[in-house]
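Heads up, the thing below is written out as structure tokens.
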Amino acid sequence: MSKLGSLGARLHRGEISYDFVGKRKIWYGVSILITITAILGLAVRGLNMGIEFQGGAVFTTPTKMSASVAQAEQYATDASGHEAIVQKLGNGSLRIQIAGIDTDQSDKVKQELAKDLNLDPEKLAADLVGPSWGEQVANKAWEGLAIFMVLVVIYLAIAFEWRMAVAALVALIHDITITTGIYALVGFEVTPGTVIGLLTILGYSLYDTVVVFDSLKEQTKDITKQTRFTYSEIANRSINGTLVRSINTTVVALLPVAGLLFIGGGFLGAGTLNDISLSLFVGLAAGAYSSIFIATPLVADLKEREPAMRALKKRVLAKRAQATTEDDLTEERSTGDDAEDATPAVVGPRNQPASRNRGRGRTPGKRR
């Protein structure tokens with residue numbers, strides 16, 4: 001068995017563990033700090049909305065262009081007066097996006113671009129994107145997100161309990177906030193692919209959370225009938241028991257996404273992959289984090305407020321205190337017994353005369 005597999009088996013059996021729930025205040029503080037940073041990024045820098053949401057024009061050049069990406073960006077910016085985004089496609093052509101221009105402006109920009117790029121205007125393909133289409137996409141995305149959240153809460157409340165539903169909802173909001181904040185800080189363009197990526201990560205985040213919740217549900221059956229563990233301790237055992245599984249599934253999911261983001265989008269320059277790959281990469285990592293450090297500790301906090309769980313905690317602590325006291329008494333007794341056994345026997349002087357006078361008054365060699 002590999003070292004990781006052996007570690008997972010020991011964690012599952014409870015032979016070793018890390019106190020995730022006991023240190024939940026640290027994780028809450030870290031999450032609050034990250035969330036505040038993400039919100040500040042959204043407030044200060046905002047999202048770089050793509051042309052699909054703002055409206056504008058997209059121009060595509062023929063293949064084998066002599067102009068570079070930087071030159072095309074400068075030409076497009078001078079011709080339109082707006083910031084342009086230029087991407088080099090696989091066949092060598094250039095895709096030039098200019099947001100915030102209407103039909104009349106796009107015709108003028110097309111003529112000037114064709115002149116600067118030494119092209120026939122008829123060979124420069126132009127597509128106009130209206131802002132109403134992007135608005136419809138955004139509205140549908142918000143509607144889908146709201147419906148998804150409601151269904152998740154209802155399902156978890158029925159399958160588990162309402163406290164787990166609340167904790168899962170908080171974790172999902174945490175993941176979305178961090179992902180959108182990273183987008184604002186990095187400045188990547190937000191496209192429909194980004195929206196698809198955001199909706200996709202919710203499923204991954206929920207999957208990791210439900211795995212831990214399922215283990216917790218199984219281990220807390222008839223919890224009040226025992227006095228060995230509190231609810232928080234069993235919740236911590238559930239996290240440790242599924243920790244290696246969560247790490248494995250997250251790493252396996254992150255590897256291809258990292259390939260798209262760092263190799264495809266960064267090294268090879270395929271910028272069209274950045275919009276969906278960044279949201280998936282950040283969202284998957286945040287989902288794995290929230291399922292371990294946010295969702296389950298939050299459930300433990302909510303459950304420990306119940307009268308039955310508070311009473312259980314008192315019984316568990318009282319039993320442990322009693323066991324500690326009995327162990328101390330046993331140790332003191334064993335120490336006292338060892339001291340008595342170690343005391344040497346003292347032979348008094350009265351024993352010596354008795355040994356000397358033994359046999360007096362008897363005739364040697366004769367019996368009476």
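Some observations on this one:
- Among the residues of the range 38-50, none is identified as assigned to a helix (DSSP H, G or I) and among the basic types (K, R).
- Across the range 94-125, the number of residues qualifying as under 18 Å from A67 (Cα atoms) and surrounded by 15 or more Cβ atoms within 10 Å (Cβ to Cβ) comes to 14.
Each row is one residue, and each column tells you yes or no for (1) in a strand (DSSP E or B); (2) open to solvent by 70 Å² or more (accessible area, probe 1.4 Å); (3) out of contact with any helix residue (DSSP H, G or I) (no Cβ under 8 Å at 6 or more places or on another chain); (4) under 26 Å from I182 (Cα atoms).
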{"residue": "E52", "(1), (2), (3), (4)": "no, no, no, yes"}
{"residue": "S66", "(1), (2), (3), (4)": "no, yes, yes, no"}
{"residue": "Q74", "(1), (2), (3), (4)": "no, yes, yes, no"}
{"residue": "V86", "(1), (2), (3), (4)": "yes, no, no, yes"}
{"residue": "G92", "(1), (2), (3), (4)": "no, no, yes, no"}
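- For T60: the one exception among (1) farther than 25 Å from D275 by Cβ; (2) surrounded by 14 or more Cβ atoms within 10 Å (Cβ to Cβ); (3) touching a residue at least 12 places away in the same chain (Cβ under 8 Å): (1)
- Filter pass, A235 being over 24 Å from I178 (Cβ atoms) and modelled with pLDDT of 90 or more: no
- Flag for V257 being at pLDDT 85 or above and of a type outside the set (S, T, Y): yes
- From the list A168, A146, the one residue that fits, being modelled with pLDDT of 85 or more, of a type in the set (G, A, S), closer than 26 Å to T191 by Cβ and out of contact with any Phe, Trp or Tyr (no Cβ under 6 Å at 6 or more places or on another chain), is A146.
- Among residues of the range 126-141 being without any contact (Cβ under 8 Å) to a residue 24 or more places away in the chain and open to solvent by 80 Å² or more (accessible area, probe 1.4 Å), the one that is nearest to M65 (Cα to Cα) is Q136.
- Every residue from the range 77-111 that is closer than 16 Å to G55 by Cβ, touching a strand residue (DSSP E or B) at 6+ places or on another chain (Cβ under 6 Å) and hydrophobic (A, V, I, L, M, F, W, C): A84, I85, I96, I98, A99, I101
- Extreme residue, farthest from E135 (Cα to Cα), among residues of the range 35-50 that are among the β-branched types (V, I, T) and open to solvent by 70 Å² or more (accessible area, probe 1.4 Å): I36
- Boolean, A146 is open to solvent by less than 30 Å² (accessible area, probe 1.4 Å) and not β-branched (V, I, T): no
- Subset tally (residues that are polar (S, T, N, Q), within 19 Å of I32 (Cβ to Cβ) and at pLDDT below 90) for the range 274-290: 0
- Among residues of the range 246-257 that are within 19 Å of V210 (Cα to Cα) and in contact (Cβ under 8 Å) with a residue 12 or more places away in the chain, those with a beta-carbon under 8 Å from a residue that is crowded, with 17+ Cβ neighbours inside 10 Å and of a type outside the set (A, V, I, L, M, F, W, C) at least six positions away or on a different chain give the pairs S246/D208; S246/S291; T249/D208; T250/D208; T250/G287; A253/Y204.
- Scan the range 167-188 for residues that are within 30 Å of E304 (Cα to Cα) and either open to solvent by less than 10 Å² (accessible area, probe 1.4 Å) or among the small types (G, A, S) (or both) and the total you get is 5.
- When the residues of the range 189-245 are filtered to those that are among the hydroxyl-bearing types (S, T, Y) and either touching a Gly at 6+ places or on another chain (Cβ under 6 Å) or under 30 Å from E83 (Cβ atoms) (or both), the one that is surrounded by the fewest Cβ atoms within 10 Å (Cβ to Cβ) is T200.
- Pairs where the first residue, in the range 231-242, is under 13 Å from D19 (Cβ atoms) and the second is among the acidic types (D, E), C-beta under 8 Å, 6+ apart: S232/E304; N236/D19
The values are calculated or read from the model by the stated rules, or taken from the named source; none is laboratory data. What you see is a predicted model; the values in this text were computed from it and never measured. As a convention, Cβ positions derive from the backbone with ideal geometry for all residues, glycine included, and neighbour counts pool all protein chains shown. Side chains included, ligands, DNA and RNA excluded: accessible areas come from the protein's heavy atoms. Shrake-Rupley method; radii C 1.70, N 1.55, O 1.52, S 1.80 Å.
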